[in-house]
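In what follows, a single structure is set out as structure tokens and then discussed.
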Amino acid sequence: MARMKPRVFSAMQPTSDSLQLGNYLGALVEWVKLQDTHDAIYGVVDLHALTVAPDPAVLRERTRRTAAQFLAAGVDPERSTVFVQSHVAEHTQLAWLLSTFTGMGEAGRMTQFKDKSAKVGESGTNVGLFTYPVLMAADILLYDTNVVPVGEDQRQHLELSRDLAERLNTRLGDGSVVVPEPHIVKETAKIYDLQDPTRKMSKSFSSPKGLIEILDDPKKVAKNIKSAATDSGTVVSFDREEKPGVSNLLTIYSALTGRTVEDIVAEYEGKMYGHLKVDLADVVVEYLTPVHERAMDWIESPDKLDGVLADGASKARGMARPTLERLYDRVGLIAPQLQG
Ligand code: TRP
């Protein structure tokens, strides 16, 4: 049946307790917008997260926290499908099928695999890390996805998904799967570490004081802003080279208020860095408090959250099943005779 709207699929791994402001603005804010124009499916890809051998209790908690942040950001489970990857077995079933269409060399060229496996060495590298992009292709192709919003770091994986889709259509016949288009989300605002504003704000490299986390107590976030490293000089102006600290604060200010950097700079003419920090702390608290509260409400009601995810899984399965059956048939598997 023809769909009224193009379909968008995207996903996040449950690998942290909280999103950083940068991921939040770059990914979730974009996902929320896409719901207006697209039929959207958003997943918490817990099976992908298994490739880094997480602690079981931590994984379970992070899966719920990740979903809670989707909902708190405004992903609407009435309009979109929000689900957990492992709840829909078709993902792994299609991944197996796709793995038989993927060349060893092709998978071996994935730079993220090369980087990750180089870091842990051969003895620490599991096969799941190698086939990770194949599972990702399954996530996408299962839903006849038209558009996949991802960051630049996922471009090569998306290319593999497209190559596999085209290969399936060639070998198994037209209409086997939809060839997805990447929608590379440009970092609207590249946000840097508050303590070391020459490097990107990132869980793996930043100290707790360098971060702005969505699920942190907004008071702590305000403190981090107020103690952000600033630069020599006193004039508030945007200059990434000479004033990385102040420029970072201006970027955050602009991203959260929608005002231009020039406009903000003009407001602080003749004022000190301290003024900017105090005001920005208020801006951030005002922006994050409602998001934080909504997310905490979901986290504190895991049964309610699990209910939303169960509904999402059943919607997702309803869409995934026909794709998988079509492909099973085309590769020559016999459809099972279901009893009863
Ligand atoms: N690999 C993606 C990341 O780390 C997460 C992901 C898994 C994904 N499956 C996906 C993203 C499908 C988009 C579509 O960011």
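The Cα atoms of region 3-70 define a convex hull whose projected area, averaged across directions, is 4.9 nm². Annotation for region 1-97: trypsin sites (Lys or Arg not before Pro) lying in DSSP loop with at most 12 further Cβ atoms inside 10 Å of their Cβ are Arg3, Arg79.
Springs between Cα atoms under 10 Å define the GNM used for the chain, and in it the highest mean-square fluctuation of Asp196, Asp263, Asp297 occurs at Asp263. Extension gain, Leu59-Glu181: 0.36 nm per intervening residue step, less the Cα-Cα distance, totals 40.9 nm. Compared with the dominant Cα axis of the chain, that is its longest principal axis, helix 302-331 is turned about 40°.
Quick check on the chain: helices-only [θ] at 222 nm, where DSSP H runs of length 4 and up contribute -39,500 (n - 2.57) each and the sum goes over total residues. Nearest 500, please. The partial results should precede the final answer.
On the way: 13 runs with 174 residues, N = 340.
Mean residue ellipticity at 222 nm (helix-derived): -16500 deg cm²/dmol.
Sites listed here are GluC sites (Glu not before Pro) in region 61-130 whose DSSP assignment is loop and whose Cβ has at most 11 other Cβ atoms within 10 Å: Glu78.
Asp17 to Arg317: extension gain in nm, 0.36 nm per residue of separation minus the Cα-Cα distance? Don't skip to the answer; put the middle values down first.
Numbers: separation 300, 0.36 × 300 = 108.00 nm, distance 2.72 nm.
My answer for the length gained is 105.3 nm.
Restricting attention to the chain, close to 15% of DSSP beta bridges with both partner residues there are antiparallel. Between helix 244-257 and the chain there is an angle of about 70 degrees, using the helix long axis and the longest principal axis of the Cα atoms. Rolling a 1.4 Å probe over the heavy atoms of the protein chains gives the chain an accessible area of 49 Å² per residue. Based on Cα contacts under 8 Å between residues 6+ apart, the chain shows a relative contact order of 21 percent. For region 228-237, the Karplus equation 6.51 cos²θ - 1.76 cosθ + 1.60, evaluated at θ = phi - 60°, returns couplings of 4, 5, 10, 10, 5, x, 10, 7, 6, 8 Hz by residue, with Gly and Pro reported as x. Between Ala53, Ala11, Ala316, the residue with the greatest mean-square fluctuation in the GNM of the chain (Cα pairs under 10 Å linked by springs) is Ala53. Averaging over all projection directions, the Cα-based convex hull of the chain occupies 19.8 nm² in the image plane. In this entry, region 1-157 is assigned a mean projected area of 9.9 nm², taken as a quarter of its C-alpha convex hull surface.
The values are calculated or read from the model by the stated rules, or taken from the named source; none is laboratory data. Predicted model only: the values in this text are computed from it and were never measured. Neighbour counts are summed over all protein chains in view; Cβ atoms, including those assigned to glycine, are modelled from backbone coordinates with ideal geometry. Calculation scope for accessible area: heavy atoms of the full protein, side chains included, ligands and nucleic acids excluded. Shrake-Rupley method; radii C 1.70, N 1.55, O 1.52, S 1.80 Å.
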